[in-house]
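J.: Encoded as structure tokens, here's the structure I'll be asking about.
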């Protein structure tokens with residue numbers, strides 16, 4: 001059985017309402033027509049050459065991407081530009097594309113919620129809650145039992161898909177940790193958040209040198225958390241299966257799969 005793209009858009013709105021998206025974000029339908037009929041859907045984090053190739057090869061009718069392809073303004077979608085070539089290939093293959101980004105971050109079973117669940121955190125609440133108090137950016141909670149920073153990093157490495165960069169830590173290996181703050185994806189904007197400062201460790205991605213250095217010095221003074229810096233792609237890839245499961249429940253006749261392709265941009269590291 002097939003569904004119209006508009007029916008998928010309606011389901012997406014029920015699951016990840018656009019009103020939950022950040023003001024700077026771009027979500028929703030990127031290409032394809034609401035009247036198009038689809039039967040096969042693929043969930044990906046990034047719209048890149050590899051995921052587009054896979055979708056076309058597998059006769060996918062719709063890609064649901066976490067990251068928007070056209071987040072920042074472009075003046076051309078010519079086929080010889082990077083983004084234009086991806087859109088051109090999708091349109092030629094009659095494969096629609098939509099994104100669910102920050103609107104899929106903030107819901108209860110969003111990117112941070114899934115990571116908190118996999119870490120088995122208890123007493124979980126958003127770092128920046130919405131009016132209901134149940135959804136919002138990031139999560140903070142307590143581990144089932146106290147552990148060390150090194151042991152937590154090792155556990156996290158078993159939860160996340162492998163990437164070249166692995167997990168970077170700032171803090172003493174044997175430092176005790178019980179309270180965990182986290183933000184799947186890039187969360188350095190929350191380094192000064194009161195709940196983050198009160199946690200034993202903060203897990204996020206894409207930490208830059210100076211903010212991380214300042215946070216590390218603060219932690220050494222006993223005024224902030226240790227840091228675990230993960231792959232942006234890996235921390236958000238965990239959400240894809242939850243998103244796919246929810247969409248299947250909304251539209252049971254859809255063939256919905258999750259792409260296993262690694263779209264972390266780094267291929268290898270060289271250690272000294």
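J.: I'm spelling it out carefully: the read-out is volume of the Cα convex hull per residue in Å³, the candidates are (i) 140; (ii) 114; (iii) 178, and one was derived from this structure. Which label?
T.: Matching entry in (i) 140; (ii) 114; (iii) 178: (i).
J.: Right, another one. Determine the relative contact order of the stretch 3-104: mean sequence separation of Cα pairs under 8 Å and six or more apart, normalised by residue count, in whole percent.
T.: About 37 percent, as a whole number.
J.: Work out how much length residue 268 to residue 80 would gain on full extension: take 0.36 nm times their residue separation and subtract the Cα-Cα distance, in nm to one decimal.
T.: Separation in residues times 0.36 nm, less the Cα-Cα distance, equals 64.9 nm.
J.: Only Cα pairs within less than 10 Å get springs; with that Gaussian network setup on the chain, which residue of 105, 188, 214 has the largest fluctuation?
T.: 214
J.: Can you give the % of DSSP beta bridges in the chain that are antiparallel, to the nearest 5?
T.: In the chain, approximately 45 percent of DSSP beta bridges are antiparallel ones.
J.: Given 0.36 nm per residue, what is the gain on full extension from residue 39 to residue 58 after removing their alpha carbon distance, in nm?
T.: Full extension of this stretch gives 5.6 nm more.
J.: With a ≥ b ≥ c taken as the square roots of the eigenvalues of the C-alpha gyration tensor of the stretch 106-233, please select rounded if a/c is under 1.5 and otherwise prolate if a/b is larger than b/c or oblate if it is not?
T.: rounded
J.: So if each residue of separation counts as 0.36 nm, and I subtract the Cα-Cα distance between residue 154 and residue 212, what length gain in nm does that give?
T.: 18.8 nm
J.: Under the rule of -39500 (n - 2.57) per DSSP H run of 4 or more residues, summed and divided by the residues of the chain, what mean residue ellipticity at 222 nm is obtained, to the nearest 500 deg cm²/dmol?
T.: -9500 deg cm²/dmol
J.: Here is a follow-up. Taking R0 as 30 Å, what FRET efficiency do you get between residue 221 and residue 260 from their Cβ-Cβ distance, rounded to the nearest 0.05?
T.: After rounding to 0.05, the efficiency reads 0.10.
J.: Please give the FRET efficiency for residue 72 paired with residue 253, using the beta carbon to beta carbon distance and R0 = 41 Å, rounded to the nearest 0.05.
T.: Here the calculated transfer efficiency is 0.70.
J.: Taking the chain as a Gaussian network, Cα atoms linked when under 10 Å apart, which of 235, 23, 259 shows the biggest mean-square fluctuation?
T.: Looking only at 235, 23, 259, the biggest GNM fluctuation is shown by 23.
J.: For the chain, calculate the relative contact order in percent as a whole number, restricting contacts to Cα pairs under 8 Å that are 6 or more residues apart.
T.: With pairs under 8 Å counted, the relative contact order is 19 percent.
J.: Springs between alpha-carbon atoms under 10 Å, Gaussian network over the chain: tell me which of 234, 78, 186 tops the mean-square fluctuations.
T.: 78
J.: Please work out whether the stretch 187-272 counts as rounded, prolate or oblate from its C-alpha gyration tensor, where a ≥ b ≥ c are the square roots of the eigenvalues and a/c under 1.5 means rounded, while otherwise a/b larger than b/c means prolate and anything else oblate?
T.: Note, shape of the stretch 187-272 comes out oblate.
J.: Using alpha-carbon pairs under 8 Å, 6+ residues apart, how would you state the relative contact order of the stretch 106-233 in percent?
T.: RCO, the stretch 106-233: 23 percent.
J.: Cα axis of helix 209-220 to longest principal axis of the chain: angle in degrees, 0 to 90, nearest 10?
T.: 30 degrees
Values in this text are rule-based calculations from the coordinates and carry no lab data. All figures in this text were calculated on a predicted structure; none of them were measured in a lab. In this analysis, Cβ positions are derived from the backbone assuming ideal geometry, glycine residues included, and neighbour counts consider all displayed protein chains.
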